[in-house]
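K.L.:
This structure is in structure tokens; I'll ask about it shortly.
The values are calculated or read from the model by the stated rules, or taken from the named source; none is laboratory data. In this text the structure is predicted, and so the values were computed from the model without any measurement. Methodologically, a virtual Cβ is constructed for each residue, glycine included, from the backbone with ideal geometry; neighbour enumeration extends over all protein chains shown.
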Amino acid sequence: MDLGAERFDQHLFGFLALWSYFIYTRTETKKRKWYAILLICFLCSLMAKQMWVTLPFLLLLLDLWPLRRISFSSVEPPLSQDKSVPVTVPLKQLVLEKIPLLGLSILFSIIIYLAQQEGGAVQDSDQFPLMLRMKNALLSYGLYIRKTFLPTDLAPIYPHPGFDINTQSVLISAGSTHRHHSIRIDPSAETTRPVRRLVLVPRDAGTGDWNRTDRRRRNG
């Protein structure tokens, strides 16, 4: 499959899922119809690539802001006639609302894990321990930021550095990543930062023997 078409499909259906969820939360009629569209778009995005497996958790963050649907009271508030006032929903109900989506995420996570294991792409914990994977994820975040502003030494795939990861480089990368995400553009920063990190989790928490890929180099 063409890599560009694959990424277009996954993000197209991922954003269509977000769009249908926004309509679902704002409409008072045909909610089942829009929830079904949400499920179909989410399923299509997972079939293209499993980048959107964190969508159920992403939607919970969006319920916090900008949708402001979360109510920490167990009693559902009365409907407001003012359309500009967000309708809040008890947290328990919002979590139950995401269970079908979470089920799809778990199913496709298992499928891709088994497929990668069958193809020999999954390395055991003896070769790549959890702490080493965490260091590599932090280092990758910093390198992505650096290559955004200084796109040098690009390659289609970067081999996993293994135990040669420099702890000092990891600390510098973690510091620069924290500084990058600490730049406040608007009051929504407290929500948008975890949203960005959550979306990047499936990309940076890899199971194979590479640590990241270069999208720009792979395109050309």
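K.L.:
Could you list, ordered by first residue, the pairs with Cβ atoms under 9 Å in which the first is in segment 129-141 and over 10 Å from I165 (Cβ atoms) and touching a residue at least 12 places away in the same chain (Cβ under 8 Å) and the second is of a type in the set (K, R) and part of a helix (DSSP H, G or I), at least 6 apart or interchain?
P.N.:
S140/R203; Y141/R197
K.L.:
Additional query: Scan segment 15-30 and report the pairs whose first residue is on the phi < 0 side of the Ramachandran plot and whose second residue is part of a helix (DSSP H, G or I) and of a type in the set (D, E), with Cβ atoms within less than 9 Å and a gap of 6+ or a chain change.
P.N.:
T25/D63
K.L.:
Here's a follow-up. Within the bounds of segment 72-80, is there any residue that is modelled with pLDDT of 85 or more and either in a helix (DSSP H, G or I) or aliphatic (A, V, I, L, M) (or both)? Let's see the steps before the verdict.
P.N.:
So the first thing to find is which residues in segment 72-80 are modelled with pLDDT of 85 or more, and the list is none.
No; the residues of segment 72-80 include none that is modelled with pLDDT of 85 or more and either in a helix (DSSP H, G or I) or aliphatic (A, V, I, L, M) (or both).
K.L.:
Follow-up question, since we're still on this one. Counting only residues that are under 15 Å from the mean Cα position of the chain (by Cα) and assigned to a loop (DSSP other than H, G, I, E, B), which one in segment 38-68 is farthest from D9 (Cα to Cα)?
P.N.:
The selected residue is T54.
K.L.:
Check whether at least one residue in segment 99-116 is touching a helix residue (DSSP H, G or I) at 6+ places or on another chain (Cβ under 8 Å), at pLDDT 80 or above and over 22 Å from L55 (Cβ atoms), and report yes or no.
P.N.:
No, every residue in segment 99-116 fails to be touching a helix residue (DSSP H, G or I) at 6+ places or on another chain (Cβ under 8 Å), at pLDDT 80 or above and over 22 Å from L55 (Cβ atoms).
K.L.:
While we're on this one: Hand me the list of helices (runs of 4 or more DSSP H) wholly inside segment 89-178 holding 1 or more residues that are closer than 30 Å to R69 by Cα. Show your work before the answer.
P.N.:
Values: elements: 91-97, 99-118, 130-149.
The qualifying helices (runs of 4 or more DSSP H) are 91-97, 99-118.
K.L.:
Here's a follow-up. Please verify whether L43 is modelled with pLDDT of 90 or more and surrounded by 14 or more Cβ atoms within 10 Å (Cβ to Cβ), treating the condition exactly as stated.
P.N.:
So L43 fits the description; yes.
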